[in-house]
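Encoded as structure tokens, the structure appears first; notes follow it.
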Amino acid sequence: MLKRGWLLFMCLSVGCASGAGDSGSKEDEADAEAGGNGGAGGGEQNQSSADAMDEQVKADAAAPVVPDAASAGGRGGAGGGTTTPRPAPPDGTYYEAPPYALGPDSLGSSSLKRGKLQPILTAKSAIYGDRTFTYRFYMPPGYDPAKPVALLIALDGDVYLSNPQWRTTVVLDALTARQEIPMTLTMFVNPIENARGEQYNGSDDKFARHTIDELLPLAAAQANLVDSPKARAIMGHSSGGLAAFRVGWHRPDKFMRIITHSGSFAAPTQGDVFVNMIASTSPAKAIRVFLQSGTMDINGWLDKNKAMATALAAKGYAHRLVWGDSGHGFEHNGAVLPETMRWAWKDFDPAWNQAQ
């Protein structure tokens, strides 16, 4: 499952030749060192990926389902069948043993109200040389333009939409129904073609400027957004996780909630500098940081994520690291996505979603 998830990630990002190898680590290292290849890869591939994503979202909505009477025990609770919010998981570092199975909040329920995935859109980035990127929105169920919503940006958006180990939209809808996260507009955005490493890797504020100056206005034009960093989250996997952290680190006045899955806080991606930056920066910035990695993650990245957690803890940051016996794929990430979201959105204000 881990191998399958990682290969799908790379196929969507760079395109896979026949006979692709069984290790994602070499390709990710090449992405980091050479500047990366990412994006859609041509009109026919765009349409094919779009069709696959639409079909996956439909499949996520249709089956399997968990009856509303399901027990609240186990990972994920009752899958949207109850409206009683549960407390967010605590801060700190936690080990989770396998297996990493999807729980009810990822599988949905027969009565779960579903949001709507919007068509693929394109835009150009002036910050990255007027090159084109693609994105699409997921509107929360029952969206009312008179009521402001929070914003979640998912980097490598096609992956979060198309890989069945994530079931991202089901998780969002289940947790929204239980009021464990706010009503949220989700923007699934892809890197510029052949520029994933260029965009996501690094330690400067360039990607943060792209997010604030170019992505945020697109989201604001789509929905009535709460104008507060507390109402904005950004997440990513691997180099995408590093990019998500860069946004929150450089612009905590715009994005407070950061979610990283197998984040590449390592030298080849220039992400290793953040441990020292955290330690040497006072006062602490107003951000919440979720980290995830595993013993089979590539290039010792579990140790890098543990170092990040230690640095964050020493400076008093709200943080949570979940690690396990997992690799660089999506199996563990997807299994913990419901609790990840509940932790990331801890202390959100329900008044955000009331008419103003």
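Computed from the coordinates by the stated procedures, all read-outs in this text should not be read as laboratory data. On a predicted model such as this, the values are computed, not experimentally measured, just so you know. Ideal geometry is used to build each Cβ from the backbone, glycine not excepted, and the neighbour counts take in all protein chains shown.
In terms of modelled amide H atoms, which long-range or inter-chain residues lie less than 5 Å from the amide H of Ala195?
Distant-sequence amide H within range of Ala195: Gly38.
For the pair Ser110 and Ala267, how long in nm is the line joining their label points, each one 7 Å along Cα→Cβ?
5.8 nm
Using the 2.2 N^0.38 Å rule of thumb for compact globular proteins, work out how the stretch 155-265 stacks up: its C-alpha Rg over that value, please.
Taking N as the residue count of the stretch 155-265, the ratio is 1.03.
Around Gly142, under 15 Å between beta carbons, what's the net of Lys plus Arg minus Asp minus Glu among the other residues?
Neighbourhood net charge equals +3.
Too long at a 27 Å Cα-Cα cut-off: which of Lys230/Lys315; Lys113/Lys285; Lys113/Lys306; Lys124/Lys285; Lys124/Lys206; Lys147/Lys254?
Where the Cα-Cα span goes over 27 Å, the pairs concerned are Lys113/Lys285; Lys113/Lys306; Lys124/Lys285.
Using every Cα-Cα pair within the stretch 203-356, state what percent have a distance larger than 29 Å.
Of all Cα-Cα pairs in the stretch 203-356, 15 percent lie more than 29 Å apart.
Looking at the calculated P(r) for the stretch 98-223, what percent of the C-alpha pair distances fall above 27 Å?
Above the 27 Å cut-off, the stretch 98-223 has 25 percent of its Cα pairs.
Residues with beta-carbon under 12 Å from that of Ala313, excluding Ala313: net charge, scoring Lys, Arg +1 and Asp, Glu -1?
Computed value for this residue: +2.
Full extension from Ala221 to Asp253: what is 0.36 nm times the residue separation minus their Cα-Cα distance, to one decimal in nm?
On the way: separation 32, 0.36 × 32 = 11.52 nm, distance 2.00 nm.
Result for the pair: 9.5 nm of gain on full extension.
Between Ile127 and Lys306, 0.36 nm times their residue separation minus their Cα-Cα distance comes to what?
Using 0.36 nm per residue and subtracting the Cα-Cα distance, I get 61.2 nm.
Provide the net charge surrounding Phe188, with neighbours chosen by a C-beta distance below 11 Å and charges set as Lys +1, Arg +1, Asp -1, Glu -1.
Summing Lys and Arg as +1 and Asp and Glu as -1 gives -1.
Compute the length gained on full extension between Ser228 and Asp349: take 0.36 nm times their separation in residues and subtract their Cα-Cα distance, giving the result in nm to one decimal.
Computed gain between Ser228 and Asp349 is 42.5 nm.
For the stretch 286-328, what is Rg from Cα atoms divided by 2.2 N^0.38 Å, rounded to two decimals?
Dividing the Cα Rg of the stretch 286-328 by 2.2 N^0.38 Å gives 1.15.
List the residues whose amide H sits under 5 Å from the amide H of His319, counting only those 5 or more places along or on another chain, with H placed 1.01 Å from N in the peptide plane.
Gly92, Val289
Taking θ = phi - 60°, what integer Hz values does the Karplus form 6.51 cos²θ - 1.76 cosθ + 1.60 yield along the stretch 99-111, in sequence order, with x for Gly and Pro?
Per residue, the Karplus-derived 3J(HN,Hα) values read x, 10, 9, 5, x, x, 5, 8, 8, x, 9, 5, 10 Hz.
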